[in-house]
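Novice: Attaching a single structure in structure tokens format; questions to follow.
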Amino acid sequence: MEGTDQRRSLPDHTEILSVVERRADAVVELVRELVRFRSVNPVFPDSVPSQERQLQEFLAERLRGLGFEVDLFEPDPVALARYRGRPGFQEGRRFEGRPNLAARLRGSGNGWSVMLACHIDVVGVDASEQWTVDPFQGALRDGRIFGRGAADMKGGAACMLGAVEALLEMGLRPGGDVVWASVVDEETGGMGTLALLDRGYRADAAFMPEPTAAKLVPMCRGILWGEIVVRGRSSHIEIPQPAWESGGAVDAIAKARLVLDSLDRLNEEWVTRPEKTHPLLGVPNQVFVSMVRAGQHPSSWAEEARITFDAQYTANECDEHGLGGRVKAEIERHVAAAAAEDPWLAAHPPEVRWTVDADPGEIDADHPLIAGLREACRHAGLGGELAGVGFHTDSSLLIGAGVPTIVFGPGNPDDAHQADESVAVADLLAVTKAIALTLVELGGWKAAGRER
């Protein structure tokens with residue numbers, strides 16, 4: 001990081017802003033092109049055929065044209081198994097035809113190296129969603145670009161690439177290396193970013209342009225996905241039943257209600273505990289039930305009920321591995337205690353199964369990356385407010401690997417994963433300006449021939 005004075009003013013910011021403004025149509029068209037790639041993560045049923053590889057190859061070719069050294073590679077789940085039980089590893093993931101893209105633009109050595117980190121996989125489009133436009137055409141209407149991934153996070157990816165293109169067009173060259181990193185599998189836990197880090201990619205700082213409404217987000221929560229299996233005993237629902245001790249039916253749905261009630265009580269308790277609420281969020285961590293599945297026939301008592309939930313935790317609650325082991329144990333104890341109050345559940349305890357543990361991440365609010373970006377936001381017409389986000393991002397993996405990362409991008413996070421997902425053109429330009437200015441300030445960009 002030598003050669004960078006954080007206190008000096010942004011050089012030539014007026015010219016940089018002007019160039020980005022002049023290139024507005026190029027950034028808009030890039031977002032629309034990215035949306036047209038149907039890069040749906042394979043976990044979603046509408047993912048076939050997916051165009052993750054085609055999108056990465058498109059970006060690779062564009063980066064080569066800018067002078068980047070390109071590394072296109074498929075994560076190896078067998079090799080990554082050594083991270084089992086650590087942040088980012090997920091069992092059963094496959095990556096055939098799903099490459100990561102890393103690229104490097106070499107700098108002179110006089111400035112921070114900066115990673116431009118994004119994911120190119122998107123969630124699917126459910127048949128029940130009421131889209132008014134084709135979700136994979138990148139429609140431009142009323143100053144907004146519509147489509148799956150427009151906000152999450154192809155708009156942000158275009159901002160980062162557009163910022164680099166603007167600076168290079170001005171004849172500037174970086175002092176520190178610029179590392180491009182577009183990964184797969186973010187929407188299912190972060191194994192793409194784990195593979196990127198395993199391959200050795202690092203930087204002095206990183207941008208991750210998830211949709212934050214252009215607010216500066218230095219932290220994200222950890223996320224636990226789990227399932228509680230509640231068992232009953234099936235029999236004909238229209239025939240009177242003896243007591244369960246005598247072999248009678250037990251309605252798994254009725255027993256699941258007891259577990260659901262206990263989760264409500266746990267959430268009420270968490271609201272009162274200071275460690276469950278981060279200062280930048282203002283809302284407590286909770287256990288949110290997202291799916292309940294039960295029963296096998298209209299005329300049979302449910303044999304089993306499955307409760308799927310999403311629970312949050314923050315960095316102060318991490319276990320010794322940087323994960324949510326302590327919170328898992330707390331939820332398991334709570335479910336067991338609730339079950340002990342019911343004779344059937346005491347004899348047939350619910351089973352808690354864990355599927356995803358995505359680690360939290362946080363950098364200090366006074367980190368120089370944040371100070372530099374806040375100054376850039378001022379020039380770009382943005383407020384530069386600090387905020388937290390309730391959703392998880394891969395920033396935690398980068399932070400855990402020693403790469404200070406700021407989450408900062410265009411688009412309202414409420415629009416992500418929704419019908420008619422969209423991003424405003426004005427937000428794209430403002431974020432592109434702020435990233436370009438910060439790259440110059442921290443990365444030591446100078447006119448060619450004046451690197452030293």
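The values are calculated or read from the model by the stated rules, or taken from the named source; none is laboratory data. All of these numbers come straight from a predicted model, not from anything done at the bench. Note that each Cβ is placed from the backbone with ideal geometry, even for glycine, and that neighbours are counted across all protein chains shown.
Condition check ((1) closer than 17 Å to HIS278 by Cα; (2) part of a loop (DSSP other than H, G, I, E, B)) across all residues:
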site: THR393; (1), (2): yes, yes
site: PRO410; (1), (2): no, yes
site: ASP420; (1), (2): no, yes
site: VAL423; (1), (2): no, no
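Novice: Now for a different question. In the range 272-308, which residues are in contact (Cβ under 8 Å) with a residue 24 or more places away in the chain, more than 30 Å from LYS215 (Cα to Cα), not hydroxyl-bearing (Ser, Thr, Tyr) and not in a loop (DSSP other than H, G, I, E, B)?
Specialist: Of everything in the range 272-308, those that are in contact (Cβ under 8 Å) with a residue 24 or more places away in the chain, more than 30 Å from LYS215 (Cα to Cα), not hydroxyl-bearing (Ser, Thr, Tyr) and not in a loop (DSSP other than H, G, I, E, B) turn out to be VAL292, ALA294, GLU304, ALA305, ARG306, ILE307.
Novice: Which residue, of GLY402, GLY443, GLY361, GLY388, is more than 29 Å from ARG141 (Cβ to Cβ), in contact with a Cys (Cβ under 6 Å, 6 or more places away or on another chain) and of a type in the set (Gly, Ala, Ser)?
Specialist: Testing whether each residue is more than 29 Å from ARG141 (Cβ to Cβ), in contact with a Cys (Cβ under 6 Å, 6 or more places away or on another chain) and of a type in the set (Gly, Ala, Ser) leaves just GLY361.
Novice: Being buried (at least 20 other Cβ atoms within 10 Å of the Cβ) and either among the basic types (Lys, Arg) or touching a strand residue (DSSP E or B) at 6+ places or on another chain (Cβ under 9 Å) (or both), is that true of even one residue in the range 288-297?
Specialist: No: the range 288-297 contains no residue that is buried (at least 20 other Cβ atoms within 10 Å of the Cβ) and either among the basic types (Lys, Arg) or touching a strand residue (DSSP E or B) at 6+ places or on another chain (Cβ under 9 Å) (or both).
Novice: Here's something else I'd like to know. List pairs: first residue in the range 180-205 and part of a loop (DSSP other than H, G, I, E, B), second residue surrounded by fewer than 22 Cβ atoms within 10 Å (Cβ to Cβ) and not hydrophobic (A, V, I, L, M, F, W, C) anywhere in the structure, Cβ distance under 6 angstrom, at least six positions apart or on different chains.
Specialist: Filtered contacts from the range 180-205: GLY189/GLN90.
Novice: I'm trying to understand the selection: among the residues of the range 320-354, which are of a type in the set (D, E, K, R) and at pLDDT below 95?
Specialist: GLU320, the sole residue that qualifies.
Novice: Looking at ARG148, ARG144, which one is in contact with a helix residue (DSSP H, G or I) (Cβ under 8 Å, 6 or more places away or on another chain), surrounded by fewer than 24 Cβ atoms within 10 Å (Cβ to Cβ) and in the same structural domain as LEU442 (by TED's automatic domain parsing)?
Specialist: Exactly one residue qualifies, and that residue is ARG144.
Novice: To continue, here is another question. Would you check if ALA311 is closer than 22 Å to MET219 by Cβ and assigned to a strand (DSSP E or B)?
Specialist: Yes; evaluated as a whole, the condition is true for this residue.
Novice: Given (1) part of a loop (DSSP other than H, G, I, E, B); (2) under 17 Å from LEU258 (Cβ atoms); (3) touching a Lys or Arg at 6+ places or on another chain (Cβ under 9 Å), where does LEU345 come up short, assuming only one miss?
Specialist: Here LEU345 meets the rest and fails (1).
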